[in-house]
Every structure is written in structure tokens, then in C-alpha cells.
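J.: Would you mind keeping the following structure in view while I ask a few things?
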Amino acid sequence: MSNNFSNIIEEAKKYQRKCEVNARAHFLLWENNSKWNKRLGIPVIILTTLVGSTLFASRAIRDSLLLEIVLGSMSLVAAILSALQITLRLADEAEKFKAAGLRYRSMVRQFDLFLFKYSDRINDMNQREKLHIDFKDLIERLDDLASESPSIKDRMYFKALLEIDSD
């Protein structure tokens, strides 16, 4: 029977590792989306401020075709960047990835507790049923988390895997 216990303990370790990798991958996507949100948002603020203040403060615009073209182009670029920012919803997506990463990190801690509770009780026959129930409960919670979480790209998963392996 201890072999069955050992198998569950080994499976729990594998699931814990998967949770660690998923947590890191979600955090990488959170960082990436947050970075891109700023990369789009900051130029929008700068360009719209420049265009607006120049148009408001300058009467020379009517006399300068070049200034009109430059300001019109800046305004167009700001509008395109703003539309991209709104359409891609990078800030919203970033927060979803962060929340999923936090939930996966919580699952890592739950697997830690499970392993702490049962690793030294491999030969305790009285714990067999409880071990199965607790393991099944963890897997069900992990399945729920996976179905609720945003998808991660394979590229980010493997990047996270490499980071975890290098630690």
C-alpha cells in the first residue's frame, strides 16, 4: 500500500511544479501586457497634449501648412495608438493574468501543505482514505482554476519553465 501513497505523493509534486510554471507564465504575461499598455498609453498622452496645447495657444497654425501637417499627423498617430490600446484591452488582460498567477501561486502553497502533511506518513494506513480525498480535492480546485484562467501562450509557458528550471 505504501507504493500507492508514494505514487500520489509523486503526482502531487508534479502538479505542484505545473502550478509553479503556470503561475510564472501568467506573471510574465501580466508584465508583458502592462508594459505594452504603457508603451501605447504614454505616447497617446504626450501627443494629444502637444497637439491640443499647440492648437489652443497658436494662431500661427493657420499660416503654416507644415505645422498643420505635423499637428494633423500627430493627432492621427495619437488616435491610432488610443484605438489600439482600447481594442487590445491590455490593462484588463494584464489584471486577469495577474489574478490567475496569484491563484496558481496559492495552489503551489496548498500542494506544499499537502506534501508536508502526508510525505512523512507514507506507511500510515489510517491516512490512506484522507490522502485520496485531499488529493482529489486539490485536483478539482486546480481543474476549476485552469478553466477560469486566461490561456497562456506556449512561448510564455516554456519561458517560465526555463526560469523555474534555472532556479
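J.: Looking at region 80-110, which of its residues are within 30 Å of Thr48 (Cβ to Cβ) and more than 14 Å from the chain's Cα centre (by Cα)?
T.: In the first step, residues of region 80-110 are kept if they are within 30 Å of Thr48 (Cβ to Cβ); the result is 80-98.
Once the filter is applied, which keeps residues that are within 30 Å of Thr48 (Cβ to Cβ) and more than 14 Å from the chain's Cα centre (by Cα), region 80-110 yields Ile80, Leu81, Ser82, Ala83, Leu84, Gln85, Ile86, Thr87, Leu88.
J.: Give the residue that is nearest to Glu31 (Cα to Cα), with candidates limited to residues of region 78-90 that are among the hydrophobic types (A, V, I, L, M, F, W, C) and surrounded by 15 or more Cβ atoms within 10 Å (Cβ to Cβ).
T.: Leu90
J.: Note down all Cβ pairs under 6 Å where the first residue falls in region 18-31 and is on the phi > 0 side of the Ramachandran plot and basic (Lys, Arg), the second is at pLDDT below 95 and not in a helix (DSSP H, G or I), and they're at least six residues apart or on different chains.
T.: Final answer for the pair search is none.
J.: OK, next. What are the pairs with Cβ atoms under 7 angstrom where one residue, in region 82-100, is farther than 23 Å from Tyr157 by Cβ and the other, located anywhere, is in a helix (DSSP H, G or I)? Sequence gap at least six, or different chains.
T.: The qualifying pairs are Ser82/Val44; Leu84/Leu40; Gln85/Asn37; Gln85/Leu40; Gln85/Gly41; Gln85/Val44.
J.: So is Arg103 basic (Lys, Arg), within 30 Å of Gly41 (Cα to Cα) and part of a helix (DSSP H, G or I) or not?
T.: For Arg103, the condition - basic (Lys, Arg), within 30 Å of Gly41 (Cα to Cα) and part of a helix (DSSP H, G or I) - is met.
J.: Now, a different point. Look at region 1-54 and say how many of its residues are modelled with pLDDT of 85 or more, within 27 Å of Asp120 (Cβ to Cβ) and either not polar (S, T, N, Q) or not in a helix (DSSP H, G or I) (or both).
T.: Looking only at that region, the number is 14.
The values are calculated or read from the model by the stated rules, or taken from the named source; none is laboratory data. Note that the structure is predicted; figures quoted are calculated from it, not measured. Every residue, glycine among them, receives a Cβ derived from its backbone with ideal geometry; neighbour counts consider all protein chains shown.
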